[in-house]
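Here's the structure, in structure tokens; my notes come after.
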Amino acid sequence: MPRRSTDERRGPLARRPGRATTRAAQRRPPHEGPAGTQEAGPDPTGAAGRVSGRMWLAGLAAVVLGAALGAWLSGLPWLLFDKSSVKDDLRSGPDLGTAVSKVQLDDEGMSRATREDHRPDASLRRFLARPMAAAAPEFDGRLAAVGAVNVDKLTVRVVFTSRRSQLINVIDITPEIVKRERPWSGTLFDAPPQGGSPTMNMMFDLDRPRPLARDAGFDEDRNTLAPGKPFFAQRTISLLGGKQQVVLIRTETKHHYVAFRLKVTYMLGDRTKTTVIDDRGRPFRLTALNGSQDRKNLKYPRIYEFHQGFSLCQTRPASKDCG
């Protein structure tokens with residue numbers, strides 16, 4: 001006898017569950033989802049669409065407002081502070097560049113002196129015996145190498161360069177005396193001035209207790225430069241944004257050996273600041289002539305003086321090379 005399937009034994013209702021389920025679904029209310037949930041039917045008023053549109057517009061407005069606010073806040077420091085000042089605060093390095101060099105002008109000659117008696121070696125003697133030795137470019141370097149310094153006068157050229165956006169005003173330059181003592185009295189290499197009246201910006205009399213920057217004038221009676229009115233009394237040296245200014249500074253002494261540096265005081269915005277000028281890390285140095293200015297009573301154990309063709313030869317002690 002053939003075996004019947006399970007569905008056949010359960011009867012006709014067990015073989016058609018889908019039909020009963022469909023009838024039950026048809027008896028539910030039109031907006032009731034499965035297991036009692038509420039289905040989203042059509043919205044005849046369109047309220048949901050209007051709410052969604054408003055939310056999209058509100059989000060767009062928030063993005064635009066946020067971007068505008070961020071841009072304004074990022075620019076706020078420039079509104080509250082001076083742009084040049086802020087830029088300068090961010091820059092590194094010195095505010096004021098100073099290129100310094102010693103120059104030799106016609107009115108000051110080429111005389112040099114050492115502290116102690118120095119006997120030049122054969123190489124230096126041959127150099128000094130050359131015609132126009134005192135005018136040679138290496139003259140100053142050869143004598144500086146044996147410790148000789150300027151006699152009576154020293155001229156320094158300073159090129160000031162602004163390295164800031166704000167205006168820089170140099171309001172004072174003063175010597176800082178490192179040492180002041182009696183004139184040196186070693187060996188004199190005497191090459192006195194041959195005349196001339198160069199144009200100078202400022203002068204310092206280093207024999208004064210507190211040397212002051214003064215205008216460089218010309219004394220016609222003595223035919224030489226002379227200090228005039230205080231240089232910074234009615235002026236400053238102004239520099240803006242990379243500009244340069246050249247200043248020629250003459251220092252003089254008639255009674256001392258002096259070692260000094262130059263202290264520069266300047267204004268950057270509303271701040272007062274200083275910088276120091278020296279001779280490549282060392283003080284500037286010069287000495288007064290040890291003896292009378294007419295050269296009749298010079299107090300040196302060894303002297304080299306002008307000879308033929310602006311060469312120099314030893315005259316004290318007397319030397320047969322001078323002829």
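The values are calculated or read from the model by the stated rules, or taken from the named source; none is laboratory data. Nothing here was measured: the structure is a model prediction, and the numbers come from that model. Using ideal geometry, Cβ is built from the backbone for each residue, glycine included, and neighbour counts are taken over all protein chains shown. Protein only, heavy atoms only, side chains kept; ligands, DNA and RNA dropped before computing areas. Shrake-Rupley method; radii C 1.70, N 1.55, O 1.52, S 1.80 Å.
When the C-alpha to C-alpha distance is required to be over 18 Å, the pairs from 153/273; 179/254; 254/299; 102/153; 102/229 that qualify are 153/273; 102/229. Most tightly packed first, judged by the mean number of other beta-carbon atoms within 10 Å of their residues, the peptides 229-237, 101-109 read 101-109, 229-237. With a cut-off of 13 Å between beta carbons, the residues surrounding residue 123 carry a summed charge of +3, where Lys and Arg count +1 and Asp and Glu -1.
Please give the net charge around residue 299, taking every other residue with its beta carbon less than 11 angstrom from that of residue 299, where Lys and Arg add +1 and Asp and Glu add -1. Net charge in that neighbourhood comes out at +2.
If you take the square roots of the eigenvalues of the alpha-carbon gyration tensor of the stretch 140-258 and sort them as a ≥ b ≥ c, do you get rounded (a/c under 1.5), prolate (a/b over b/c) or oblate? It is prolate, given that a/c is not under 1.5 and a/b is the larger ratio. Relative to the compact-globule estimate of 2.2 N^0.38 Å, the Cα radius of gyration of the stretch 239-280 comes out at 1.55. Computing Rg and the Kirkwood Rh from the Cα coordinates of the stretch 242-323 gives a ratio, Rg/Rh, of 1.19.
Computed extension gain for residue 69 through residue 233, at 0.36 nm per residue and net of the alpha carbon distance, reaches 53.9 nm. Between residue 276 and residue 177, the modelled labels are 1.7 nm apart [label points 7 Å from Cα along Cα→Cβ].
Here the stretch 100-145 exposes an accessible surface that is 50 percent carbon and sulfur, computed with a 1.4 Å probe and the other protein chains kept in place. Here residue 243 and residue 308 are evaluated by their C-beta separation; at R0 = 35 Å the FRET efficiency comes out at 0.15. With the simple spin-label model, which puts each label point 7 Å out from Cα in the Cβ direction, the residue 159 to residue 221 separation comes to 4.0 nm.
The charge dipole of the stretch 226-308, taken about its Cα centre with unit charges on the Cβ atoms of Lys, Arg (+1), Asp and Glu (-1) only, comes to about 100 debye.
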